[in-house]
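Novice: So that we are looking at the same thing, I have put the structure below in structure tokens.
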Amino acid sequence: MPAKKTTNKTTDAKLDASLPRGINLLQNPAYNKGTAFTEEERNQLGLRGLLPPRVHTQAEQVIRVMENFRKKPTDLERYIYMIALQDRNETLFYRVVMDNLESMMPIIYTPTVGQACQLYGHIFRRPRGLYISLKDKGNILKVLENWPYRDVRVIVVTDGERILGLGDLGAFGMGIPVGKLSLYTACAGIHPAYCLPITIDVGTDNESLLKDPLYTGLVQKRIRGAAYDEFVDEFVEATQKLFPKAIVQLEDFANTNAFRLLKNLRDRVCSFDDDIQGTAGVALAGVMTALRVTGGQLKNQKLLFLGAGEAGIGIGDLTAFAMMKEGLSEAEARNRCWFVDSKGLVVKSRTDLSDHKLHYAHDHAQITDFQQAIEALKPTAIIGVSGRPRMFSQPIVEAMARINERPIIFALSNPTSKAECTAEEAYRWTKGRAIFASGSPFDPVNYEGKTFVPGQGNNAYIFPGVGLGAIACDAKLIVDEMFYAAAKSLADQVTDYDLSLGRIYPALTRMREVSAQIAVAVAEVGYKDKLARCKRPADLLAHVESLMYDPTYQSYI
Ligand code: NAD
């Protein structure tokens with residue numbers, strides 16, 4: 001187990017009596033440098049003979065990793081290779097990921113992570129993170145105490161019930177907290193020792209997993225109702241006791257639980273739900289940026305969502321919040337967001353609506369067909385968050401192009417196989433006029449001689465910066481105003497060059513500077529709203545940057 005770290009510097013190990021030695025040092029991913037240990041380190045740390053004689057630089061090691069990475073025949077094999085590197089040498093893993101974010105994100109996160117989760121028990125090598133199962137009821141604090149680090153600042157927790165758009169994957173969902181936390185480090189420089197991935201295993205209703213001999217979770221149906229809430233309560237209380245500075249990020253819970261959990265936690269625990277609020281931040285930023293192209297004002301937009309779940313309602317709520325900043329009343333703002341769910345348009349006359357949809361149940365005749373809803377409402381933007389592939393058909397996209405000079409079309413469902421339409425379809429069916437974003441990455445599209453680079457509305461643009469900002473001001477709570485500030489900051493960082501390519505988010509290569517700016521915006525809200533638990537430094541950006549982990553090897557002697 002790694003020695004306990006309490007600060008965020010890679011140099012912690014320097015002269016640290018707890019620094020492991022010899023073979024234990026090579027087998028400790030937090031400290032291992034592999035062939036890059038220097039001659040002096042090899043002499044003093046008991047490594048002589050345990051490594052081949054030639055000392056390599058970190059840059060040379062990166063070449064080796066990338067050579068092997070490229071040779072792998074499939075993305076899943078690339079995922080397995082990268083996780084194995086993370087298990088061996090964390091610093092090198094982050095060096096590679098940070099320096100090659102564009103090729104690494106689709107592997108360590110969506111879409112490949114979805115495939116990895118579906119097969120998690122089949123590709124299992126070493127455990128990562130904490131599993132808290134129903135067997136631990138009454139003892140969750142003790143289980144948390146087994147985690148080797150005490151100064152945890154971010155917990156990403158799932159119960160595996162709605163993994164991406166793939167449904168209930170039970171304990172196989174662990175790939176998501178692991179991947180998200182890798183992005184916290186890669187995108188915002190939050191030290192890996194601050195990060196704790198957790199899966200709470202309350203069973204699964206996925207019949208094929210229950211029959212799978214290699215399934216790694218509890219072989220039982222999910223518990224629900226009061227028993228579920230009691231278990232989650234015990235978990236949350238235990239995290240607050242042991243890790244009082246940690247943000248608790250709810251991840252990939254099904255919407256039957258997600259809205260309730262968020263409502264119960266948001267005013268008393270430093271927490272947020274990324275599927276609801278992080279998605280909202282990235283989508284709102286996309287709409288704000290799109291308006292730079294269309295020339296409109298947010299308060300005059302009409303958004304029509306396909307899907308009224310966590311992502312859709314989250315985006316609706318934050319968009320309404322932003323419209324109210326432009327002077328609309330709450331009722332006026334909500335009236336600009338319309339939803340179609342699996343039963344049709346969300347309208348007042350419906351009696352089957354769950355609580356989270358009620359704010360958006362407007363006075364209108366019932367319409368069951370999405371295209372008819374477009375014709376009736378004439379939205380300026382359609383946002384796909386249904387988890388159902390190919391729902392933005394050619395007639396739908398063409399209708400948007402008929403109604404709008406520059407239609408805003410976001411096909412956000414993940415992974416790629418679930419997207420409501422492809423980038424190529426959006427550009428072709430609108431004759432290159434669509435302002436398009438997707439949840440999973442699409443390659444650039446050439447349409448009639450012009451190359452369009454589709455924007456990826458990935459939450460990774462938002463949550464790492466929000467987390468870093470919350471850490472920087474030691475926030476008590478995470479509030480909507482912070483997601484609004486994050487969205488605005490993200491939109492402000494899109495350059496005219498990005499826009500000229502059709503890209504409505506900054507290049508991934510700028511992710512660290514983007515996250516630092518978002519963190520400043522978020523921390524400013526913390527100070528303004530008296531949610532910060534530490535004094536504001538004179539230079540907030542410098543403070544934020546000083547917190548950011550740099551995966552460059554440090555000398556241990
Ligand atoms: P959810 O289960 O909470 O909601 C899905 C919604 O889609 C429900 O309202 C359901 O009624 C509706 N729906 C299902 N079938 C439909 C149909 N045929 N027609 C119309 N509506 C239909 O799920 P969620 O958390 O909101 O996620 C939805 C999708 O969005 C997933 O694929 C997820 O991966 C994706 N997502 C993307 C991002 C991102 O790219 N940034 C972030 C979060 C979620």
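The values are calculated or read from the model by the stated rules, or taken from the named source; none is laboratory data. Note that the coordinates shown come from a computational prediction; the quantities given were computed from them, not determined experimentally. We place every Cβ from the backbone using ideal geometry, glycine too, and count neighbours over all the protein chains shown.
Novice: Residues of segment 473-524 being over 26 Å from D317 (Cα atoms) and among the β-branched types (V, I, T), which ones?
Specialist: T495, T509
Novice: Any residue in segment 408-419 that's within 16 Å of L303 (Cα to Cα): show its pairings with residues that are within 6 Å of the ligand (Cβ to nearest atom) and of a type outside the set (D, E) at Cβ separation under 8 Å, as long as the two are six or more apart or on different chains.
Specialist: Correct list of pairs: F410/G457; A411/G439; L412/T279; L412/A311; L412/V385; L412/G439; L412/G457.
Novice: Right, next: Quick one: how many residues across segment 212-224 are within 14 Å of L134 (Cβ to Cβ) and either surrounded by 18 or more Cβ atoms within 10 Å (Cβ to Cβ) or not charged (D, E, K, R) (or both)? Lay out the reasoning, then the answer.
Specialist: Step one: of segment 212-224, the residues within 14 Å of L134 (Cβ to Cβ) are 217-224.
Narrowing the set further to residues that are either surrounded by 18 or more Cβ atoms within 10 Å (Cβ to Cβ) or not charged (D, E, K, R) (or both) leaves 217-220, 222-223.
Qualifying residue count, segment 212-224: 6.
Novice: Condition check: among the hydroxyl-bearing types (S, T, Y), within 21 Å of the chain's Cα centre (by Cα) and surrounded by fewer than 23 Cβ atoms within 10 Å (Cβ to Cβ). Does T185 satisfy that? Don't jump to the end; show me each part of the working.
Specialist: Values: among the hydroxyl-bearing types (S, T, Y): yes; within 21 Å of the chain's Cα centre (by Cα): yes; surrounded by fewer than 23 Cβ atoms within 10 Å (Cβ to Cβ): no.
When the stated conditions are applied, T185 does not pass them.
Novice: Something else about it: Name the residue, out of L209, L242, that is surrounded by 20 or more Cβ atoms within 10 Å (Cβ to Cβ) and touching a residue at least 40 places away in the same chain (Cβ under 8 Å). So that I can check it myself, show each step before the final result.
Specialist: Values: L242 fails: surrounded by 20 or more Cβ atoms within 10 Å (Cβ to Cβ).
The conditions single out L209.
Results for (1) of a type in the set (A, V, I, L, M); (2) in contact (Cβ under 8 Å) with a residue 60 or more places away in the chain, shown as yes or no for each residue.
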| position | (1), (2) |
| --- | --- |
| G225 | no, no |
| N257 | no, yes |
| R260 | no, no |
| K263 | no, no |
| D274 | no, yes |
| M288 | yes, yes |
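Novice: Where in segment 302-392 are there helices (runs of 4 or more DSSP H), lying wholly inside it, with at least 1 residues that are more than 17 Å from E420 (Cα to Cα) and near the ligand (Cβ under 9 Å from one of its atoms)? Give the steps one after another, and end with the answer.
Specialist: Details: elements: 310-325, 330-334, 370-377.
Here the list reads 310-325.
Novice: How do the pairs read when you match residues in segment 338-358 that are aromatic (F, W, Y) with residues anywhere that are part of a loop (DSSP other than H, G, I, E, B) and within 12 Å of the ligand (Cβ to nearest atom), using Cβ under 9 Å and keeping only pairs 6 or more apart or on different chains?
Specialist: W338/V346; F339/G307; F339/A308; F339/V346
Novice: Which members of segment 497-515 meet the condition of being within 18 Å of the chain's Cα centre (by Cα) and either over 22 Å from R292 (Cβ atoms) or not hydrophobic (A, V, I, L, M, F, W, C) (or both)?
Specialist: Y505, P506, T509, R510, R512, E513, S515
Novice: Would you say E67 is touching a residue at least 24 places away in the same chain (Cβ under 8 Å), over 24 Å from R128 (Cβ atoms) and in a helix (DSSP H, G or I)?
Specialist: On the way: touching a residue at least 24 places away in the same chain (Cβ under 8 Å): no; over 24 Å from R128 (Cβ atoms): yes; in a helix (DSSP H, G or I): yes.
In short, no.
Novice: Going by the structure shown, is K241 more than 16 Å from the ligand (Cβ to nearest atom), under 22 Å from I478 (Cβ atoms) and among the basic types (K, R)?
Specialist: Criteria met by K241.
Novice: Continuing with the same structure: Mind telling me which of the residues V232, V236, V143 ends up being at pLDDT 95 or above and more than 18 Å from Q249 (Cβ to Cβ)?
Specialist: Details: V232 fails: more than 18 Å from Q249 (Cβ to Cβ); V236 fails: more than 18 Å from Q249 (Cβ to Cβ).
From the options V232, V236, V143, the qualifying one is V143.
Novice: What tally of residues in segment 410-453 results from selecting those that are at pLDDT 95 or above, more than 10 Å from the ligand (Cβ to nearest atom), in contact with a strand residue (DSSP E or B) (Cβ under 7 Å, 6 or more places away or on another chain) and not in a strand (DSSP E or B)?
Specialist: Here the count works out to 9.
Novice: Right, next: Would you confirm, using the coordinates I've provided, whether D267 is acidic (D, E), at pLDDT below 95 and more than 10 Å from the ligand (Cβ to nearest atom)?
Specialist: no
Novice: Pick out the one residue from T368, T294, T289 that is crowded, with 20+ Cβ neighbours inside 10 Å and of a type in the set (S, T, N, Q).
Specialist: Working: T368 fails: crowded, with 20+ Cβ neighbours inside 10 Å; T294 fails: crowded, with 20+ Cβ neighbours inside 10 Å.
Every option except T289 fails the conditions.
Novice: Now for a separate question. Do any residues in segment 88-105 that are within 21 Å of A193 (Cβ to Cβ) and in contact (Cβ under 8 Å) with a residue 60 or more places away in the chain have Cβ atoms under 7 Å from those of residues that are of a type in the set (K, R) and assigned to a helix (DSSP H, G or I), where the two are at least six apart or on different chains, and which pairs are they?
Specialist: none
Novice: Now a separate question. Would you call L291 within 30 Å of S500 (Cα to Cα), away from the ligand (no atom under 16 Å from the Cβ) and within 25 Å of the chain's Cα centre (by Cα)? Write out each step before concluding.
Specialist: Values: within 30 Å of S500 (Cα to Cα): yes; away from the ligand (no atom under 16 Å from the Cβ): yes; within 25 Å of the chain's Cα centre (by Cα): yes.
Yes; evaluated as a whole, the condition is true for this residue.
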